Amino acid sequence: MALKVYDYRTDVRSVLVTPQIRSRFMRLEVGEEAEPHSHDLGHEVFLVLDGRAEFTIEGETGEVGPGQMVVALVDELHSLRVLGDKPMTMYLSVTPHIQPTHTMWTPDGERMPHRFASSTAYDVQTDTTTPFGDLLDGLTSATLAVRDAADQAAGKQLDEAEALRAAVADGDLDSASIARSDVWDALSEVYRRAAELADLWNDVAPRAGRS
């Protein structure tokens, strides 16, 4: 990917959407609000660039202005409201970005049914060319690949556990470092396969029912 510079004054849209992160510039008008919601998997970062907003996160409310940032962690209910007489522009990111991305709640605190958004809601085109059955087959294969990688990583950890424990206890940092690298080489494959699985799931979900 070539170097590209994004400007919050002109690029008011999603700028990077992958299973690992969704990031964008967003502009909200005077008095506009974002309704309360949470994320089952994602932490959300809000950085105000222009204007002011009132954020409420897990029942605590505060005013945020240019150059200030707040964070809503996984499962934390959050909302915002634009303050003042000018629009508010912010950068936000949610990581990871895996459907369903938003969990909505009733005023009584009851969890509402899952909402699976169209990929176009995040400025990404839904894959409509690959036959749906092929996507499902790919999803199953990717899930099995995660299982196999996890099995191999668990086996490697069991193989290295005693040596790693002994090396750390003895202060043998060279041996510990070698064992640690062996464990990571196996574990990193789990993360890589999980990212491939999430990518396929984000293709399947928008086509598997109503938005």
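The values are calculated or read from the model by the stated rules, or taken from the named source; none is laboratory data. If you're wondering where the values come from, they're calculated on a predicted model, not measured in any experiment. Using ideal geometry, Cβ is built from the backbone for each residue, glycine included, and neighbour counts are taken over all protein chains shown. To get the accessible areas, we keep the full protein, side chains included, count just its heavy atoms, and leave off ligands, DNA and RNA. Shrake-Rupley method; radii C 1.70, N 1.55, O 1.52, S 1.80 Å.
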Answer yes if at least one residue in the stretch 94-107 is open to solvent by less than 40 Å² (accessible area, probe 1.4 Å) and closer than 16 Å to E29 by Cα, and no otherwise.
no
Here is a list: M1, M88. Which entry is modelled with pLDDT under 95 and not charged (D, E, K, R)?
M1
Out of the stretch 177-211, which residues are among the small types (G, A, S) and either loosely packed, with under 14 Cβ neighbours inside 10 Å or out of contact with any Leu (no Cβ under 6 Å at 6 or more places or on another chain) (or both)?
S177, S181, A186, S188, A194, A195, A198, A205, A208, G209, S211
Under the condition of being among the charged types (D, E, K, R) and either buried (at least 16 other Cβ atoms within 10 Å of the Cβ) or touching a Gly at 6+ places or on another chain (Cβ under 9 Å) (or both), which residue from the stretch 20-36 is nearest to E76 (Cα to Cα)?
R22
Would you pick out the residues in the stretch 1-23 that are of a type in the set (G, A, S) and more than 18 Å from V48 (Cα to Cα)?
A2
Those residues that are open to solvent by 50 Å² or more (accessible area, probe 1.4 Å) and hydrophobic (A, V, I, L, M, F, W, C), I need them from the stretch 146-163; list them, please.
L158, A163
Residue check: is T143 of a type outside the set (D, E), open to solvent by 60 Å² or more (accessible area, probe 1.4 Å) and outside any loop (DSSP other than H, G, I, E, B)?
yes
Lone unmet requirement of (1) more than 25 Å from A208 (Cα to Cα); (2) open to solvent by less than 60 Å² (accessible area, probe 1.4 Å); (3) of a type outside the set (A, V, I, L, M); (4) within 17 Å of the chain's Cα centre (by Cα) for S118:
(1)
Restricting attention to strands (runs of 3 or more DSSP E) lying wholly within the stretch 1-88, give those where 3 or more residues are hydrophobic (A, V, I, L, M, F, W, C) and closer than 30 Å to R193 by Cβ.
14-17
One residue from L73, L158 being under 18 Å from the mean Cα position of the chain (by Cα) and farther than 22 Å from G209 by Cα:
L73
Based on this model, can you work out whether T130 counts as in contact (Cβ under 8 Å) with a residue 12 or more places away in the chain and in a loop (DSSP other than H, G, I, E, B)?
yes
Condition broken by I98, with the remaining ones in (1) free of Cβ contacts under 8 Å to residues at least 12 places away in the same chain; (2) assigned to a loop (DSSP other than H, G, I, E, B) satisfied:
(1)
